[in-house]
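Engineer: Got a structure for you, questions after.
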Amino acid sequence: MTPSNTSAAEAAAKAGILIEALPWLKRHRGAVVVVKFGGNAMISPELTRAFAEDIVFLHHAGLHPVVVHGGGPQISSALTEAGIHSEFRGGYRVTTPEAMQVVREVLRHRVNHEIVELLNEHGDLAVGLSGEDAGLFTGTRRGAEVDGVTVDLGRVGDITAVDPTVVRTAIEAGKIPVVSSIAPEGGDIGRPLNVNADAAAGALAAALVASKLIVLTDVAGLYRNWPDTDSLVSAITDIELRGMLPRLASGMIPKMAACLEAVDAGVQAAAIIDGRVPHAILLEIFTGTGIGTEVTKEAP
């Protein structure tokens, strides 16, 4: 069969796209890439499916993707269904022991399971993990400062130690690890803590010394002078970012702090990208311009 001029041109265009990706495939083959999944990309079925396709593509392209997820919208909905009021202080969800039971159920047994199932539609590829598994995360409780006063947030914490052995074991077995952001206080699995998923992704990327950390968010990237949308920063060094950090909006601070922790630990680059854009992960990794804001360590 002789193809039409139109179909031949379309095929040539597709071949051109594949060839354009070749240097990036060569560069990233074997690389560990930690991806934090959340925001609108998590609650839109279309974007969630595109995210899963991106992760599976990375896997089959020879990279080692590791997914870290939160689940804020799902947690809020489940707490409402349980008749538990959600209160936020200093940008953190106050998490009572009763609320923590719901948080743990949603993150570990609902959201994690859904992501694993979606990835496994493409084969037996993914395995679900929690920060509670095999000493992966260790946390400590934290408070928040509101109007100069430290307030108790309940079972909310920071990650203080990471043992990535269980994640490395999954990667070596050819699996895609999917990790929920729960950390046992002091390593005691009977005292789970709700930890920020951005921070969890940054800490895990640092412990793995990943090649790249990618944080999906609901904006195009970091803006130098928000809300001026013309001030989007495509690339920034750790030194410049540290200077900007105190002036950032509260929701952006944990994302950029996670990027800093990663590059400080030897991760080659960390990026925040717009999860509202379909296949944003592929655009970030396999194109020269990327998408969003990339953070790198300034050369000495």
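Engineer: Please find, among GLY83, GLY135, GLY62, GLY123, the residue that is of a type outside the set (A, V, I, L, M, F, W, C) and either at pLDDT below 95 or under 22 Å from ASP188 (Cβ atoms) (or both).
Structural biologist: Sole residue among the options that is of a type outside the set (A, V, I, L, M, F, W, C) and either at pLDDT below 95 or under 22 Å from ASP188 (Cβ atoms) (or both): GLY135.
Engineer: Checking the condition under 20 Å from ARG276 (Cα atoms) and either assigned to a loop (DSSP other than H, G, I, E, B) or at pLDDT 95 or above (or both), which residue from VAL35, VAL103 passes?
Structural biologist: Just a single option satisfies the conditions, and that option is VAL35.
Engineer: Which condition number does SER86 fail, the rest of (1) outside any helix (DSSP H, G or I); (2) within 25 Å of GLU121 (Cβ to Cβ) being met?
Structural biologist: (2)
Engineer: Further question on the same structure: Which of the following residues is touching a residue at least 24 places away in the same chain (Cβ under 8 Å) and either surrounded by 15 or more Cβ atoms within 10 Å (Cβ to Cβ) or not acidic (Asp, Glu) (or both): VAL106, VAL149?
Structural biologist: So the residue among VAL106, VAL149 that is touching a residue at least 24 places away in the same chain (Cβ under 8 Å) and either surrounded by 15 or more Cβ atoms within 10 Å (Cβ to Cβ) or not acidic (Asp, Glu) (or both) is VAL106.
Engineer: Return only the number of the condition from (1) surrounded by fewer than 16 Cβ atoms within 10 Å (Cβ to Cβ); (2) in contact (Cβ under 8 Å) with a residue 40 or more places away in the chain; (3) at negative phi that ALA170 does not satisfy.
Structural biologist: (1)
Engineer: If you check ALA207 against the conditions, is it in contact with a Lys or Arg (Cβ under 6 Å, 6 or more places away or on another chain) and not basic (Lys, Arg)?
Structural biologist: no
Engineer: Here is a follow-up. Considering only the range 237-300, give the helices (runs of 4 or more DSSP H) lying wholly within it that have at least 2 residues that are among the acidic types (Asp, Glu) and touching a helix residue (DSSP H, G or I) at 6+ places or on another chain (Cβ under 9 Å).
Structural biologist: Qualifying helices (runs of 4 or more DSSP H): 253-264.
Engineer: What pairs come up if the first residue lies in the range 20-48 and is of a type in the set (Phe, Trp, Tyr), the second is assigned to a helix (DSSP H, G or I), and their beta carbons are under 9 Å apart, counting only those six or more places apart or on different chains?
Structural biologist: Correct list of pairs: TRP24/ILE285; TRP24/PHE286; PHE37/THR48; PHE37/PHE51; PHE37/ILE55; PHE37/ILE115; PHE37/ALA197; PHE37/ALA201.
The values are calculated or read from the model by the stated rules, or taken from the named source; none is laboratory data. Please read these numbers as outputs of a predicted model, since none were measured by experiment. As a convention, Cβ positions derive from the backbone with ideal geometry for all residues, glycine included, and neighbour counts pool all protein chains shown.
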